[in-house]
Every structure is written in C-alpha cells, then in structure tokens.
Amino acid sequence: MSVGKIVTKEEFRCRIRPMLRSEQKKIVLCHGVFDLVHPGHMIHFEQARHMGDVLVVSVTAAKYVRKGPGRPYFDDEMRTRFLSAISVIDYVMLSDGYTVDDIIEAVEPDVYVKGSEYANEDADITGKIREERELVERHGGRLRFTGGQVFSSTRLINQGLSGLSDEVRGYMEDFRQRFSMEELLGWAEKAGRMRILVVGDVILDRYTYCYVQGLMSKDMGYSARLMSTEDHLGGAAAVARHLSSFSTDVTLASIVGNEKELEPRLQGELSGAIHRMLVHSDCYPTIVKQRYLVKNEKREDYRKLFAINNIPSPARFDETSMQRFCDWLEREAASYDAVFLCDFGHGLLSGRAMDLLQEKARYLVLNCQTNSSNHGLNPITKYRRADAFTLDQKELMLAFPGLANQEEEALKALRTHLRADGWLTRGSLGAWAVEGERIRSCPAFTLTVKDTVGAGDAFYAVSGFFAASGAPAEVSMFMGNIAGALGANIVGNRDAVEKVNVLKYAGTLMNV
C-alpha cells in the first residue's frame, strides 16, 4: 500500500497538478462514495485509467453521504486507504461537500468519468450531473462514461453487511414488487408543480445545552452548567421548510408577534421558495418553546431535562388579527392545490379559521397535535373533513379512548370520521397506513436517533406531499417514513429534510 497516494486538495492543486501539467499528463477523475469496492468499480477504474495518464479518485466524506442513517458503512479513513491500494489509481482525496465541485476545482480534470447509469442527465435524482459536466467543461475538460455491467455497493451492503435489518429487507422485497423508483420520482415531479399552503402556528424552538454537574446540595433538582443556546423555526414554519425542498411554490400563513428579533430570523430561515402571509399581532406573542438538554457522552443523542414555554393562558388572539387572518384564508385558500393544516392546539385554528379551511381547501392534509399544554383538549375528531391525515399513537388514543387497546379499529374509525386515508406514526415500530378498510404497516427505517422532535413534522410534510400528488397511501407512508428517519437524525428543526436526501435514501432502500 502506498500511503503517499492519499493527498489533500491543497496538495494536489498547488504541487501535483502543476507538475503533471508541465509533463503534459492527461488527468482523469472518478468520484463517488465507494463504500464497498466491488468488481464493477474495478472495471470502472481500469477503463477510466485508459482514458488518460493519471487517475485521481475522490471520495465523498461521510458527513456528506446522503444514503440514509448508517451510511456509509465504512469510514473516511477505511475507504481512502482501500482505494489507495488499487494499482491503477494514482491519487486519492476526500471531498468535503455534497457535490464534487470542490474536487473539480482542485483537480481540473481533462476527463471526468462516470458510470453508464449516469449517461441520461434527465434521470439523475440529484440533478447534479448536468452541473458537474458544465463545471468540468468550464475548466477545459469533458465528461465520459464507462461501460460494462453495473453493480451496486448499496445492494451488497444491504444484503450482506446488515446495512438493513431483516424486517426492513423483507418489507422492501415486497414493496419493490409493486412499486418502482421511476414511479416514486414521477409522483415527486407531479407534486413539485403544485401550489402549497401551510397554515399553523410559527413556533420558535429554543435549545439550551447544559452539562449536568449533579443534584443540588440542598434540594432535589439538577445543578447544571450552561453550555450554549440555539434557536430554530419550528411548528408550521418547519413544515413549510420541509415542503419548500419539494415544491417551488409554498406559502406559510399564520399570526405571529411583533418581536423585533423575529423578522431577521424569518428572512434568514425561510428560503425564497416560501411566501409569507403573516399577520403581526401586538397582543399575542410568537410562541417560544425552550428545551434544556444534555448530550449523551458516548453517542450523538440528547436527553431533555425539562421544557418551558410562553403560551398565554387562556390562548386568545385579538379580534383584529384573527379577522385579517381569516379574511385572507377565505379569499385565497381555494387557490392552492393542497393545504397543510398544522393544528398545535394553541388557539390559532379554531372557529372560523377551522371551518374555512375544511370548506375551501381543494386537498386538505391534516395534523392535529397533542402536547403538554393542550393534553386532551385538541382531538383530531374536532375536524369533520380531510383528504389525508397523520397522527401518533397518543393522539389516536385521546381521539378514541374507548378503543385505546385496539389501534387498528381506532384508526379505521378515524378514517370513517374524516372520510380520508391517513397514517399512524408508531415511533420505533414504524407506521401504519389506512387505505379504505385495509391497514398496511411499514417498519422504522432507522433506530439511530439524535432527537425525535422534528421527526413527526417531517413525516407529515412528506407523506402529505406524495398523497397530494395521487400516490397511494402506502407509497406516501414509505416516503414519509424515510423523512421521519432523516428528521430523527436532525437536532430539533435545525435543518429541513431535503428532497434529494429523501429520494437518495429511497433509492438505497429500493436497492435491496
């Protein structure tokens, strides 16, 4: 093994590239995750090496791999060291980004080589092949493709290295008999052209990280040292952020307070794809939910110590703000292809607003949440109509207490009540979809969890998005479960679940 093959981008740009240019050597670049090198990769490298004089192979750093929790299977050092032992490869380097742009800029290849499966730019899930080609051409290079049999590292890992549990593998073997990746992409493309309205409370999630020193010497509470604090936009704003990755026309409608620090945060975290219809109230504050957490010392997850909020009691909006909000809903709600109604039980969606959305929405995706401030007071059964819905086990039990130990019957009763198909999220047990009289189950796609706070909103946004496109309830559940798995590995609502990550994870799972 020649460790000297492993170089940094700076070393290649400043020392190696000028040397190769002076010797008039043609540089060839291959790029990928290379999680498990197989015969297909060896053929790919050998063919690429024949296209020039020097072969450079770059590897996506683990933190930028978008194939779902648990991937890559091998870490950065293992993957780069293995590649450096392959004789036809001259240099190996690590790529720090979701794209290969940093490597192309450093290497300036004469030839950039991809496998034949990438030859159709329009079929690329990431939408990046065209951009990569254009960047290579700007640096004087060209894109070429290798031929031969296509193997799959993902499939080999899924089947041979416990990349997926037996339960998930069994589920996927059945699922892919009935649905294809092309169909999933088709539904995503169709829904991506829809106008989407998200209605609900804008919540500021404040995360305060602590180091617990122990119990108070003269009391029973914790003594902790403050480490840091960060704020994320949550509630309906988080749902809108998830959806804005899938659709270019998303509007967020709500009533917020007049806090001077709110507007810069709204402008910073709500992308240009999200239109805002926010009524500012002098009387009702923007809701802040503050959680105090301690990080697990051995793995990346968090334990919540306690939480506080500023929700007024009783939670009543001033009449002027509510009137403006409802008047806008009455005028505009029907102009959207799908309305996502996020009822957090804090008073925004009651009375006229609730009735208007049920009456006006062309396609209504309903989520009615139970939390510590409204426990038992915000059942989803207060609604009489939806086109799709999602809720968790506790919310289902509170809606049908008489069927508390009969989840399937309770879910069917809710479907009858709302006259809509929907989904029940069940934590580590996965999810259920009710479609007509049939209930289908889907296992959890990850048991690796950092924080579950944003997982439910991610499931709701993505499952509802696919349902609105006409996808079956089971397909929508599958895509929502992927989003929930990704969301459970994001702290709070720090980041949105992105379309490309959901589709790439779907591709990983379909590769069983």
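The values are calculated or read from the model by the stated rules, or taken from the named source; none is laboratory data. Just so you know, these numbers come straight off a predicted model, no measurement behind them. All Cβ positions, glycine included, derive from the backbone under ideal geometry; neighbour counts span all protein chains shown. Accessible surface is based on the protein model in full, side chains and every heavy atom, while ligands, DNA and RNA are left aside. Shrake-Rupley method; radii C 1.70, N 1.55, O 1.52, S 1.80 Å.
As a summary of the residue check, S463 satisfies the conditions (1) out of contact with any Phe, Trp or Tyr (no Cβ under 7 Å at 6 or more places or on another chain); (2) of a type outside the set (A, V, I, L, M, F, W, C); (3) within 22 Å of H417 (Cα to Cα) except for the one numbered (1). Residues in the stretch 414-429 include at least one that is open to solvent by 10 Å² or more (accessible area, probe 1.4 Å) and in contact with a Leu (Cβ under 7 Å, 6 or more places away or on another chain).
Do you know which of the residues in the stretch 334-366 that are surrounded by fewer than 23 Cβ atoms within 10 Å (Cβ to Cβ) and in contact with a Lys or Arg (Cβ under 8 Å, 6 or more places away or on another chain) is modelled with the lowest pLDDT? The selected residue is G347. Which one is nearest to the chain's Cα centre (by Cα) among residues in the stretch 83-121 that are over 21 Å from I16 (Cβ atoms) and open to solvent by 60 Å² or more (accessible area, probe 1.4 Å)? Among them, the one singled out is Y98. Residue pairs whose Cβ atoms lie under 7 Å apart, sitting 6 or more positions apart in sequence or on different chains, and linking a residue in the stretch 130-147 that is aliphatic (A, V, I, L, M) to a partner that is part of a helix (DSSP H, G or I) and open to solvent by less than 40 Å² (accessible area, probe 1.4 Å), are L135/I104; V136/I104; L143/V136.
Could you count how many residues in the stretch 170-196 are among the acidic types (D, E), over 19 Å from the mean Cα position of the chain (by Cα) and within 30 Å of I274 (Cβ to Cβ)? Show your work before the answer.
If we filter the stretch 170-196 for residues that are among the acidic types (D, E), which is where we start, we get 173-174, 182-183, 189.
Pick out the ones that are also over 19 Å from the mean Cα position of the chain (by Cα) and you get 173-174, 182-183.
With the extra rule that they be within 30 Å of I274 (Cβ to Cβ), the set shrinks to 182-183.
Summing the residues that are among the acidic types (D, E), over 19 Å from the mean Cα position of the chain (by Cα) and within 30 Å of I274 (Cβ to Cβ) in the stretch 170-196 gives 2.
Would you check if L391 is outside any loop (DSSP other than H, G, I, E, B), open to solvent by less than 10 Å² (accessible area, probe 1.4 Å) and over 22 Å from R178 (Cβ atoms)? Even if it seems obvious, please write down each step before you answer.
Details: outside any loop (DSSP other than H, G, I, E, B): yes; open to solvent by less than 10 Å² (accessible area, probe 1.4 Å): yes; over 22 Å from R178 (Cβ atoms): yes.
In short, yes.
Only one of the listed residues (L233, L278, L262, L293) is surrounded by 16 or more Cβ atoms within 10 Å (Cβ to Cβ) and under 23 Å from E498 (Cα atoms). That residue is L233.
For (1) assigned to a helix (DSSP H, G or I); (2) of a type in the set (G, A, S), each residue gets a yes or a no:
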{"site": "M397", "(1), (2)": "yes, no"}
{"site": "G402", "(1), (2)": "yes, yes"}
{"site": "A413", "(1), (2)": "yes, yes"}
{"site": "T416", "(1), (2)": "yes, no"}
{"site": "G422", "(1), (2)": "no, yes"}
{"site": "W432", "(1), (2)": "no, no"}
{"site": "R440", "(1), (2)": "no, no"}
{"site": "F445", "(1), (2)": "no, no"}
{"site": "T448", "(1), (2)": "no, no"}
